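Asker: Attaching a single structure in structure tokens format; questions to follow.
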Amino acid sequence: MTMQLRRRWSRWWDTFNIYHKHSLWGLAFVLPGVLFFIIFAYYPVLRAAQLSLTDYNLLSPPRYIGLGNYQFIFQEGSRFYKALVNTFEFVGGYAIPMWILALALALIFTQDFRGRGVYRTLYFVPIVLSETVISIVWRLIYHPQGIMNAAVAPLTGGVKIPWLTDSNIAPIALIIVAIWRVFGYYMIIFITGLQNIPGEYYDAAKVDGANRWQVFRFVTMPLLRPTTVFVVVITLLNGFQSFVYQFLITRGGPNDATTTLGYLIYEEAFPNLNMGRAAAISMVLFAMLIVLTFIQLYLLRQRYDT
Amino acid sequence: MRKSWLLPLLAVLCLALSITAAGAQEPITIQFWSHDYPPREAIDRDIIAQFEQDNPNIKVEYTIGPGDDDLYRDQLLTALAAGEGPDLFNVLARSVAELVSSGAVVPVDYQAFGFDSEQAFMDSYLEGTLEGFTGDDGKVYAVPTEVGNYALFINGKLFEEAGLDPVEDAPKTWEDIMELAPKLTKKDASGNIVQRAFDFTYPGPDALMSPRLTYGAMAYQLGGEYFNEDKTAGGLDHEGWVRTLTFIRDYAAEFGGPSLTPVAASFVEGNTAMVISGAWYMPQEIEGKNPDLAPFIHVAPFPRWREDMVNDAGSYLFGYGLYVNSQSSPEEQAAAWKLAAALSSQPERYLTEALLLQPRTSVVENQELMDSSFAALFIADMQGSPFTPVIANGGELPGILNRSMERTLLEGMDPAESLKIANDEITALLQPPS
């Protein structure tokens, strides 16, 4: 009986080895990564979803209130709507000009001219600095006696622009900071994408008599599409989650003019101690970003299907 | 003969045993957190060093948190929620409601302070100064390390340049400030204000002073309160609030509104002639950052309204208190209260060296100290002033009030309309979440 069992086990093990040995090794290699994601990504998402259904002030145990937090944030006149609009304005104001600027500079810097390397490096430098340092520096730049007002003085007749204390100007001021920090980084990504386009396509277009615009429109843009999709998705994700500038430069003010969803989540969670409400806003933002990611997958699939 | 030496031997043995027992007391390490205020830190450290010498079984780990009250509170509450909070901590009185309602802190052990009864302990403090540290159950949950209020700081040099006497011409009312402003405001050729007469405390990332203490107190002087009597609805629809915000709006429109440079900084730089602040502002900001300005500083009581005063009060009171963590073991709690007692045992020194009022009656009764203290005027102006009102889930209150001010000052919204929005927000806060 024992012999029979042993033989059976040995046969099963041989079969398993043949079919699953490689899979097991693979699983072992990815396990640390999977565990990391489960603990630091998936668990917090599930916990946030659970907390979003509770009234929780950090110090007392959470109390289940169903969809109360969602009803609160979606009620008429809620600060959530203002933050949502601010977030879209910030993303739109930051992302679209940044794409155009980064691509235009990439097109310039793929040309051969003297000092190209130096300029590329100069434009890239801001991304190396931390957002905290940048925020402190830009607050000085925007100070009434700062260099920004000195720079625009000839245009304003010396009247100082309240860059960070006017609710119409402050959002624009933050957009300028955000673009300034990252455009050099995305310029380098576009340059890499442009350099990966085979020269034969350009030669063929020239032979066909295409002018510069036509070459850009029908050769460069389509072949740059994977890079463009990557840049678009990453900048949109970063834009929607923007928090540091709003926290360090304006604290969401004046009068909520720079309160984005990221900042509102912080404010509800800590100063206001409404953890449940903060979690509910996080879940809404999460849903928005999921939709964005699906659009990205759709666009990429379309690219490879054609 | 034998018995004659047996008794002393037994006594020596008992003494040796008791000494050994005392020496064998379990060593305790207590964590003590406080917000950053450098003038106080040196005194704290001296007292802690002495405390550790007197109590060799207790070791104190002293951590200074951020000076920004909001950031400090975030860190503290997160640590408490994670079960990693300090045994003893210093935090603003406005946290008392949230800490008590969630059971995060324990009532004061008055015996650790050498009192036989809670009443005797309370009697050792100035009347009303423990109210900011009292829970809804009537128990006191913290000992104040500081109770303060705001008064009017005057830059005597700028007054004299304008042909004014900083003592004789010091404004007594809000209307006086409005009338003095044209003499003390300077503009450049482009119309930019280069010297301000006075600035209200506006909300902003660098605001050192709380806008609520002035804004709320101005309304309180006219009878306006945060909530209705039974705390079921907001009280910002009161005429006192509307009149206050209208006054601030009119002043800002004429003599300068919110600026990126907070008034706390522009006064120290010598660019603003008057500012409302606490006694701590003198050592921390003026002497610390522009000592040349210090000899020109005069202080006057918190202004009142010329007419229609309902409550003759100065600014709202604020305070910091020492709380003990309910999650700490009984031994740690006992050691923490013992340390709190030590930190409360030298109020004269805190007042003299750091201008912090630990409101013990012994301090105020010390006439010599009062006569020589810069803080004396502040202490005298405290009479009749209540603490800033609090509710358990009141974390949003400062934001609500700040936004009511900003809607009017920055976006031109009518004060009554702006206050109605704020009032609705406060009423919503008072309704339990469903």
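The values are calculated or read from the model by the stated rules, or taken from the named source; none is laboratory data. Bear in mind the structure is a predicted one, so any value in this text is a computation, not a measurement. When we count neighbours, we look across all protein chains shown, and the Cβ atoms used for this are built from the backbone with ideal geometry, even at glycine. Note: accessible area is taken over every heavy atom of the protein model, side chains too, but ligands, DNA and RNA are not part of it. Shrake-Rupley method; radii C 1.70, N 1.55, O 1.52, S 1.80 Å.
Asker: Among B:Gln358, B:Met370, B:Leu409, whose Cα lies farthest out toward the positive end of the dipole of the stretch B:356-434, if unit charges sit on the beta carbon of Lys, Arg (+1) and Asp, Glu (-1)?
Answerer: B:Gln358
Asker: Another one. Helix B:330-343 versus the longest principal axis of chain B: what is the Cα-based angle in degrees, 0 to 90, to the nearest 10?
Answerer: Here the helix axis deviates by roughly 60 degrees.
Asker: When you take every Cα atom in chain B, what is the radius of gyration, and what is Dmax, the widest Cα pair distance, in Å?
Answerer: Rg and Dmax of chain B, Cα atoms, are 24.8, 107 Å.
Asker: Using only helices, what value at 222 nm comes out for chain B when you add -39,500 (n - 2.57) per DSSP H run of length 4 or more and divide by the total residues, to the nearest 500 deg cm²/dmol?
Answerer: -12500 deg cm²/dmol
Asker: Would you look at the GNM of chain B, springs on alpha carbons closer than 10 Å, and say which of B:Val143, B:Val263, B:Val106 moves the most?
Answerer: Result for chain B, Cα springs under 10 Å: B:Val106 fluctuates most.
Asker: Any idea which of A:Phe243, A:Ala257, A:Val233 is furthest toward the positive side of the dipole for the stretch A:199-306, if Lys and Arg beta-carbons carry +1 and Asp and Glu beta-carbons -1?
Answerer: Toward the positive end, the furthest listed residue is A:Val233.
Asker: Turning to a different aspect of this structure: For chain A, what does -39500 (n - 2.57) per DSSP helix run (n ≥ 4), summed and divided by total residues, give at 222 nm, in deg cm²/dmol to the nearest 500?
Answerer: Working: 13 runs with 211 residues, N = 306.
The helix contribution divided over chain A gives -23000 deg cm²/dmol.
Asker: Based on alpha-carbon centroids, what's the gap between the stretch B:368-424 and the stretch A:174-200 in Å, whole number please?
Answerer: What the calculation gives is 49 Å, centre to centre.
Asker: Have a look at the DSSP beta bridges in the protein assembly as shown and tell me what percent are antiparallel, nearest 5.
Answerer: 65 percent
Asker: So, one more: Taking chain A as a Gaussian network, Cα atoms linked when under 10 Å apart, which of A:Val231, A:Val34, A:Val244 shows the biggest mean-square fluctuation?
Answerer: Most flexible of the set in this elastic network: A:Val34.
Asker: Per q in 0.14, 0.16, 0.23 1/Å, what log10 I(q)/I(0) does a Debye calculation on the alpha-carbon atoms of the stretch B:131-240 return?
Answerer: These q points yield log10 I(q)/I(0) values of -0.83, -0.99, -1.35.
Asker: Whose amide H sits under 5 Å from the amide H of B:Tyr125, counting only residues 5 or more places off or on another chain, with H placed in the peptide plane?
Answerer: B:Thr361
Asker: Indicate the gyration tensor shape class of the stretch A:79-305 (rounded, prolate or oblate), computed on the Cα atoms with a ≥ b ≥ c the square roots of the eigenvalues: a/c under 1.5 is rounded; otherwise a/b larger than b/c is prolate and the rest oblate.
Answerer: Here the stretch A:79-305 falls in the oblate category.
Asker: Related question: Write out the chymotrypsin sites (Phe, Trp or Tyr not before Pro) in the stretch A:1-95 meeting two conditions: DSSP loop, and at most 16 other Cβ atoms within 10 Å of their Cβ.
Answerer: Values: sites: A:Trp9, A:Trp12, A:Trp13, A:Phe16, A:Tyr19, A:Trp25, A:Phe29, A:Phe36, A:Phe37, A:Phe40, A:Tyr42, A:Tyr56, A:Tyr64, A:Tyr70, A:Phe72, A:Phe74, A:Phe80, A:Tyr81, A:Phe88, A:Phe90, A:Tyr94; in loops: A:Tyr56, A:Phe74.
Sites meeting the loop and neighbour criteria: A:Phe74.
Asker: Using θ = phi - 60° and the Karplus form 6.51 cos²θ - 1.76 cosθ + 1.60, what ³J(HN,Hα) does each residue of the stretch A:126-133 get, whole Hz, x for Gly and Pro?
Answerer: Listing the rounded values in order: x, 5, 6, 6, 6, 4, 5, 4 Hz.
Asker: Where only protein heavy atoms count, and the probe is 1.4 Å, what is the accessible area per residue for the protein assembly as shown in Å²?
Answerer: Values: 36220 Å² over 740 residues.
Value returned for the protein assembly as shown: 49 Å² of accessible area per residue.
Asker: Give the cross-link partners of B:Lys231 among the aspartates and glutamates, using a straight C-alpha distance below 19 Å as the criterion and excluding same-chain residues fewer than 8 apart.
Answerer: The qualifying aspartates and glutamates are B:Glu98, B:Glu131, B:Asp136, B:Asp137, B:Glu239, B:Glu396, B:Asp424, B:Glu425.
Asker: Using amide H atoms built in the peptide plane, which far-off residues or other-chain residues are under 5 Å from B:Arg304 H to H?
Answerer: B:Thr173, B:Trp174
Asker: Tell me, which residues of the stretch A:123-170 get at least 50 Å² less accessible area when the other protein chains come in, versus the chain alone (1.4 Å probe)?
Answerer: Residues shielded by partner chains are A:Arg139, A:Thr165.
Asker: Between A:Leu140 and B:Ser345, take the C-beta separation as r, use R0 = 45 Å, and let me know the FRET efficiency to the nearest 0.05.
Answerer: Values: r = 44 Å, r/R0 = 0.98.
It comes out at approximately 0.55.
Asker: In whole Hz, with x marking every Gly and Pro, tabulate ³J(HN,Hα) for the stretch B:278-285 from phi via Karplus 6.51 cos²θ - 1.76 cosθ + 1.60, θ = phi - 60°.
Answerer: Taking θ as phi minus 60°, the curve returns x, 4, 4, 5, 5, x, 6, 9 Hz for the stretch B:278-285.
Asker: Based on the alpha-carbon gyration tensor of the protein assembly as shown and its eigenvalue square roots a ≥ b ≥ c, which shape applies: rounded if a/c is under 1.5, prolate if not and a/b is larger than b/c, or oblate? Write down the numbers at each step before the final one.
Answerer: Working: a/c = 2.12, a/b = 1.24, b/c = 1.71.
The shape class here is oblate.
Asker: Residue by residue, what Karplus-based ³J(HN,Hα) values in Hz, rounded to whole numbers, does the stretch B:347-352 have, using 6.51, -1.76 and 1.60 with θ = phi - 60° and x for Gly and Pro?
Answerer: My calculation for the stretch B:347-352 gives x, 5, 5, 4, 6, 6 Hz in order.
Asker: State, to one decimal in nm, how far the label point of A:His20 lies from the label point of A:Gln111, with both points 7 Å from Cα in the Cβ direction.
Answerer: For A:His20 paired with A:Gln111, the spin-label model returns 6.3 nm.
Asker: Shifting gears a bit: Report, in debye and to the nearest 20, how large the dipole of the stretch B:135-241 comes out about its Cα centre when Lys and Arg carry +1 and Asp and Glu carry -1 on their Cβ.
Answerer: Values: 9 positive and 19 negative charges, 75 e Å.
So the magnitude is around 360 debye.
Asker: On a 0 to 90° scale, report how tilted helix B:38-54 is relative to the longest principal axis of chain B, with both axes built from alpha carbons and the result rounded to the nearest 10.
Answerer: The helix B:38-54 is inclined about 10 degrees to chain B.
Asker: Select from the stretch A:35-118 those trypsin sites (Lys or Arg not before Pro) which occupy a DSSP coil region and have at most 15 other Cβ atoms within 10 Å, ordered by residue number.
Answerer: A:Arg114
Asker: Chymotrypsin sites (Phe, Trp or Tyr not before Pro), restricted to the stretch B:324-428: which are DSSP loop and have at most 16 other Cβ atoms within 10 Å? The partial results should precede the final answer.
Answerer: Working: sites: B:Trp337, B:Tyr350, B:Phe374, B:Phe378, B:Phe387; in loops: B:Phe374.
The qualifying sites are B:Phe374.
Asker: Kindly compute the accessible surface that chains A and B hide from a 1.4 Å probe when together, both sides summed, and give it to the nearest 100 Å². All intermediate terms of the calculation are to be shown ahead of the outcome.
Answerer: On the way: alone 19120 and 19900 Å², together 36220 Å².
Rounded to the nearest hundred, the buried surface is 2800 Å².
Asker: At most 13 other Cβ atoms within 10 Å plus a DSSP loop assignment makes a site exposed; report the longest stretch of chain B without any exposed GluC sites (Glu not before Pro).
Answerer: Details: sites that count: B:Glu84, B:Glu127, B:Glu168, B:Glu229, B:Glu269, B:Glu307, B:Glu365.
Result, exposed sites excluded: B:1-83.
Asker: Let me ask something additional. What angle do you read, to the nearest 10 degrees and between 0 and 90, between the alpha-carbon axis of helix B:211-221 and the longest principal axis of chain B?
Answerer: 80 degrees
Asker: Not counting the cut sites, what is the longest span of chain B without trypsin sites (Lys or Arg not before Pro) that DSSP labels loop and that have at most 16 other Cβ atoms within 10 Å?
Answerer: B:1-138
Asker: With +1 on each Lys and Arg Cβ and -1 on each Asp and Glu Cβ, and nothing else charged, work out how big the dipole of the stretch A:79-305 is about its Cα centre, in Debye to the nearest 20. Let's see the in-between values first.
Answerer: Numbers: 16 positive and 11 negative charges, 40 e Å.
It works out to roughly 200 debye.
Asker: Heavy atoms only, probe 1.4 Å: what % of the accessible area of the protein assembly as shown goes to carbon and sulfur, would you let me know?
Answerer: 60 percent
Asker: Name the lysines eligible as straight-distance cross-link partners of B:Lys183: C-alpha to C-alpha under 20 Å, and not fewer than 8 places from it in the same chain.
Answerer: B:Lys157, B:Lys172
Asker: Same structure again: Compute the distance in nm between two label points, each set 7 Å from the Cα along the Cα-to-Cβ direction, one at B:Asn192 and one at A:Glu200.
Answerer: Reported label-point gap for B:Asn192 and A:Glu200 is 6.1 nm.
Asker: Over chain B, with a Gaussian network built from C-alpha contacts below 10 Å, which listed residue (B:Ser34, B:Ser385, B:Ser373) shows the highest mean-square fluctuation?
Answerer: With Cα springs under 10 Å in chain B, the top fluctuation among B:Ser34, B:Ser385, B:Ser373 is at B:Ser373.
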